[in-house]
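Down below is the structure, laid out as structure tokens.
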Amino acid sequence: KPAVNQASIASGDLGQIEIPLPPLEEQRRVVTEVEGYQQEIACFESAIEVKRRAIEKTLDKVWGNS
């Protein structure tokens, strides 16, 4: 429904909308997969930080800041 150039939906209309969800087992599988990716990302971020510190140490040696 238009209202001052913004679309709006009445809360009663919203309650009538059915949102299909995958079966619970599929939801759990997706969560497990996403959590695995998040763990990988955390490992990569940690490795990046280690390399970043190594670069900073090397630059300090090169520029005589150590």
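The values are calculated or read from the model by the stated rules, or taken from the named source; none is laboratory data. Quantities reported herein were computed from a predicted structural model and do not represent experimental measurements. Using ideal geometry, Cβ is built from the backbone for each residue, glycine included, and neighbour counts are taken over all protein chains shown. These accessible areas exclude ligands, DNA and RNA; they are computed on the full protein's heavy atoms, side chains included. Shrake-Rupley method; radii C 1.70, N 1.55, O 1.52, S 1.80 Å.
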Result of the Cβ filter at 7 Å on the range 22-34, keeping first residues that are in a helix (DSSP H, G or I) and partners that are open to solvent by less than 80 Å² (accessible area, probe 1.4 Å) and not acidic (Asp, Glu), at least 6 apart or interchain, is none
Of the conditions (1) open to solvent by 90 Å² or more (accessible area, probe 1.4 Å); (2) modelled with pLDDT under 90; (3) not acidic (Asp, Glu), the single one that Ala3 does not satisfy is (1)
Out of (1) surrounded by 10 or more Cβ atoms within 10 Å (Cβ to Cβ); (2) within 22 Å of the chain's Cα centre (by Cα), the one Leu21 does not meet is (1)
Being of a type outside the set (Val, Ile, Thr), surrounded by 10 or more Cβ atoms within 10 Å (Cβ to Cβ), assigned to a helix (DSSP H, G or I) and without any contact (Cβ under 8 Å) to a residue 12 or more places away in the chain is the requirement here; does Gly12 meet it? no
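Would you confirm whether any residue within the range 28-50 is open to solvent by 100 Å² or more (accessible area, probe 1.4 Å), modelled with pLDDT of 95 or more and more than 21 Å from the chain's Cα centre (by Cα)? Can you show your working first?
Residues of the range 28-50 that are open to solvent by 100 Å² or more (accessible area, probe 1.4 Å), as a first pass: 28-29, 37-39, 44-45.
With the extra rule that they be modelled with pLDDT of 95 or more, the set shrinks to 28-29, 37-39, 44-45.
So of that shortlist, the ones also more than 21 Å from the chain's Cα centre (by Cα) come out as none.
So far as the range 28-50 goes, no, none of its residues is open to solvent by 100 Å² or more (accessible area, probe 1.4 Å), modelled with pLDDT of 95 or more and more than 21 Å from the chain's Cα centre (by Cα).
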